[in-house]
Amino acid sequence: MAIPVIYNMRSVKARWTSAVVAVLGIAGTVGVFVAMLSLARGFKATLVHSGSARNAMVRRAGSTSEMDSVIQLDQEKILEDAPGVARTAEGPLVSPEVVVIAPFPMRSTGTDANVQIRGVSTKAPQVHENVKIIAGRFFQPGVSELVVGKNAVHSYSGLDLGNTVRFGGGQWKIVGVFDAGGTAFDSEVWCDSNILSQVYSRPASIFSSLAVRLNSPDAMSAFKDALTSDPRLTLQAEREVDYYDKQSRVLTTLITVLGSIVAAVMGIGAVFGALNTMYSAVAERSREIATIRALGFGAASVVSSFVLEALLISSVGGALGCVAVLPLNGFTTGAMNWQTFSHLAFAFRVTPILLAGGIVFALVMGLVGGLPPAIRAARRPVADALRAL
Amino acid sequence: MVRVDGNGNSSLICVRGLDKKYQRGSEEIHVLQGLNLDVEKGEFVAFMGPSGSGKTTLLNLLGGVDVPTRGRITVAGDEITHMSGSKLTNWRARHVGFVFQVFNLIPVLTAYQNVELPLLLTKLSKAERRKHVGTALAVVDLSDRVDHYPRQLSGGQEQRVAIARAIVSDPTFLLCDEPTGDLDRKSADQIMTLIERLVEEYGKTVLMVTHDPLVAKRAHTTLHLEKGALVEAATKEVGAS
């Protein structure tokens, strides 16, 4: 039978000053670990949620992003008749889009950051269904007007409703603010694609990408087959969600790897803290351990008891670390999207899975920090420990 | 009857040719040398001798918390000298009750929980354990201190809790290492009266190490450890005061 858990709980309570060192070390490590991963998770979610499973993103074959893609008007016209393309009374739901970047000063630092400017058609709100105007109105076609994503309004100076801004050699009036549901579009500025092409001296018949609304998510394969089998088209199509998922990978991987390295280094420190706490517990309680052994409890009972105690301490640290990062959930920050070189606002996402991961990480640290002292406790000869004062 | 000549038989405890050596640096210390001992059930034996003579070592060997260099210890027919570590641990739980000089109670557990500890190694139900602990604490007259922590008890009370812990699982014999060493005379006297009661009323077998001749006098037999072997010093008539 195991040594009662109450013994460990009360022992930890009695020696709480020593346990605090380990608890804080583990809490800090778990906090950083969860915060970094929630940062990566937030970045990824912001981009991935920008796409819809019912939308196809069409770009030039071989391009890696909208920035290095070129699609001609005649190709767009061919695509409008492809199978699976959703239609309304006004015609096929295909939004030819032009993407450029323009510098705007950030409110937080005053330094310029690249904002993604998306030239779209009037069909864009029907194709990107998550985009809703929350203030003002949508831009009028053929007019130098802008609608601004809600995160862009908060992140950059001068992008307030009613303001006039200059970029690309043109003057633009901000007539509306839209909410794209916390996606990457919230960091963008939208305008008429024809006007944007004119201002940037681009042919009006050339676009960066086509956003195509499909009849259903299942229509993707028929649409893709039609696109790839047509010799007139040198285009590639993929689901919007997949495109944005790929976009998120570079920075997500970077944050995850860096976060893991930092957490691992901190974790080593925390494990030493746990080792120190548990070794001192074993040293201080050697007579108690010997007495318990003399009463007939086996070495395995002693090992499991001290490992349990270490797990108890580490779980408290893990829980504390998780609670500490909870306020970060929803906190908006920004980073460069390395695929488009534009600044993207996104929110930390502290999810239950990340919190569970943080607790598991804490328990692993507790196990690594608790096992060697527990083995030492069990190995010490009973007679020697009873003799020692 | 207690014998130290190695000629006893049908004993509860039978020790033959017991050797124990320690290595201290390059020096080899021969603590026990060819020690023999026979103890019958219900005996109360005191071991005396100067510091370092091996009294506690002998107690540890008899209790299975140390292993001899050579020799044989048999308790109630079980030879413990060749038992594996885990087997010896199980054997200790069933056969030995320890009483230590400094009580060795677990400070974070109440008197009740300390006494209950050895019973956690048995198959008794919680209700049965509660009954046994109640009985043991009643025997040591501490029924009103069940929820007290060791720090809330006097030295004498702590030792009584330790004795309750030692007898709660009804072991084959009790090993008491200087049970009065940390107590004042009055408390020591109470403890010895309690141990005597365990022997006389409950038929317990007690082997006790002590430095105190007055305490040793309470035992049926007093043995001296000299040059690693036992020498009988005094035996009193059982039942004599």
Practice problem: Using only Cα atoms, tell me the angle between helix B:85-95 and the longest principal axis of chain B; keep it within 0 to 90° and round to the nearest 10. | Solution: 60 degrees
Quiz prompt | Over the range A:62-233, relative contact order from alpha-carbon pairs under 8 Å, at least 6 apart, % | solution = 32 percent
Quiz item: Any idea what the relative contact order of chain A is, in percent, if you count C-alpha pairs under 8 Å spaced at least 6 apart?
Solution: 29 percent
Practice problem: Between the chain alone and the structure with every protein chain in place, find the residues of the range A:255-296 that drop at least 10 Å² of accessible area; heavy atoms, 1.4 Å probe. | Solution: A:287, A:288, A:291, A:292, A:293, A:294, A:295, A:296
Quiz item: How big a patch of accessible area, both sides summed and in Å² to the nearest 100, lies buried between A and B at a 1.4 Å probe?
Solution: 2100 Å²
Quiz item: Scattering from the C-alpha atoms of the range A:189-249 alone, worked out with Debye: what is log10 I(q)/I(0) at q = 0.16, 0.17, 0.28 1/Å?
Solution: -0.74, -0.81, -1.11
Quiz prompt | Over the protein assembly as shown, volume per residue of the alpha carbon convex hull, in Å³ | solution = 228 Å³
Quiz item: Among B:85, B:17, B:161, whose Cα sits farthest toward the positive end of the charge dipole of the protein assembly as shown (+1 at Cβ of Lys/Arg, -1 at Cβ of Asp/Glu, about the Cα centre)?
Solution: B:17
Exercise. Treating the angle as unsigned and between 0 and 90°, give the value, to the nearest 10°, between the Cα long axis of helix A:5-14 and the longest Cα principal axis of chain A.
Key: 90 degrees
Quiz item: What is the mean number of Cβ atoms from other protein chains located within 10 Å of the Cβ atom of each residue in peptide B:102-111, rounded to a whole number?
Solution: 5
Practice problem: Can you check how the C-alpha radius of gyration of the range A:21-72 compares to 2.2 N^0.38 Å, as a plain ratio? | Solution: 1.95
Self-check item: Per residue, in Å², the accessible surface of chain B once ligands and nucleic acids are set aside, probe 1.4 Å
Solution: 44 Å²
Quiz item: Against the longest principal axis of chain B, how steep is helix B:155-167, in degrees 0 to 90 to the nearest 10, with axes from Cα atoms?
Solution: 80 degrees
Exercise. Please tell me the relative contact order of the range A:139-187 in percent, rounded to the nearest whole number, where contacts are Cα pairs under 8 Å and at least six residues apart.
Key: 44 percent
Exercise. Could you sort B:21-28, A:221-228 so that the peptide with the highest average Cβ count within 10 Å comes first and the rest follow in order?
Key: A:221-228, B:21-28
Practice problem: Go through A:82, A:121, A:174 and say which Cα lies farthest out towards the positive end of the charge dipole of the range A:62-233; charges sit on Cβ, +1 for Lys and Arg, -1 for Asp and Glu. | Solution: A:174
Quiz item: How big is the charge dipole of the protein assembly as shown about its Cα centre, in debye rounded to the nearest 20, if each Lys and Arg gets +1 on its Cβ and each Asp and Glu gets -1 on its Cβ?
Solution: 420 debye
Quiz item: Counting only other chains, what is the mean number of Cβ atoms within 10 angstrom of the Cβ of each residue in peptide A:381-387?
Solution: 6
Quiz item: Say R0 is 60 Å: what FRET efficiency, to the nearest 0.05, do residue A:112 and residue A:284 get from their beta-carbon distance?
Solution: 0.50
Exercise. May I ask you to order B:31-38, B:209-216, B:67-74 by the average number of other C-beta atoms within 10 Å around their residues, highest value first?
Key: B:31-38, B:209-216, B:67-74
Quiz item: What list of whole percents do you get for P(r) of the range A:62-233, with Cα-Cα distances grouped in 10 Å bins up to the one holding the largest distance?
Solution: 10, 37, 34, 15, 4
Quiz prompt | 12 Å beta-carbon shell around residue A:152, net charge (K/R +1, D/E -1) | solution = -1
Exercise. Note down the net charge around residue A:199, summing +1 for each Lys or Arg and -1 for each Asp or Glu among other residues with Cβ under 13 Å from its Cβ.
Key: 0
Quiz prompt | Sulfur and carbon atoms: percent of accessible area, chain B [1.4 Å] | solution = 48 percent
Quiz item: Given the alpha-carbon gyration tensor of the range A:281-369, what are the semi-axes of its equivalent ellipsoid in whole angstrom, ordered largest first, with each equal to the square root of 5 times an eigenvalue?
Solution: 45, 11, 10
Quiz prompt | Listed pairs A:150/A:224; B:21/B:55; A:77/A:150 exceeding 22 Å between Cα atoms | solution = A:150/A:224; A:77/A:150
Self-check item: Student exercise, chain B dipole from Lys, Arg, Asp, Glu Cβ charges, in Debye to nearest 20
Solution: 560 debye
Exercise. Would you tally the net charge around residue B:16, using a Cβ to Cβ cut-off of less than 13 Å, leaving residue B:16 out, and scoring K and R as +1, D and E as -1?
Key: -1
Quiz item: Using the heavy atoms of the protein chains alone and a 1.4 angstrom probe, what is the accessible area of the range A:62-233 per residue in square angstrom?
Solution: 41 Å²
Self-check item: Those aspartates and glutamates that a straight Cα-Cα span of less than 19 Å connects to residue B:131, excepting residues fewer than 8 apart in one chain
Solution: B:116, B:141, B:144, B:147, B:170
Practice problem: Quick one: grab the alpha carbon gyration tensor of chain B, order the square roots of its eigenvalues as a ≥ b ≥ c, and give me rounded if a/c is under 1.5, else prolate or oblate depending on whether a/b is larger than b/c. | Solution: prolate
Quiz item: Over its Cα atoms, what ratio of radius of gyration to 2.2 N^0.38 Å does the range B:128-241 give?
Solution: 1.13
Practice problem: Over the range A:109-215, with every protein chain in place, what whole percent of the accessible area is carbon and sulfur at 1.4 Å, could you tell me? | Solution: 49 percent
Exercise. Calculate the mean, over all residues of peptide B:121-134, of how many other protein chain Cβ atoms lie within 10 angstrom of the residue's Cβ.
Key: 1
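How would you order B:114-124, B:185-195 from highest to lowest mean count of nearby Cβ atoms within 10 Å?
Values: B:114-124: 20.8, B:185-195: 17.7.
Result, highest mean Cβ count within 10 Å first: B:114-124, B:185-195.
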Practice problem: Mind putting a number on the dipole of the range A:111-201 about its Cα centre? Charges go on the C-beta only, +1 for Lys and Arg and -1 for Asp and Glu, and I need it in Debye to the nearest 20. | Solution: 160 debye
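The values are calculated or read from the model by the stated rules, or taken from the named source; none is laboratory data. Every value quoted in this text rests on a predicted model; they were computed, and no experiment measured them. Backbone-built Cβ (ideal geometry, glycine too); neighbour counts: all protein chains shown. The area values use the complete protein model at the heavy-atom level, side chains included, leaving out ligands, DNA and RNA. Shrake-Rupley method; radii C 1.70, N 1.55, O 1.52, S 1.80 Å.
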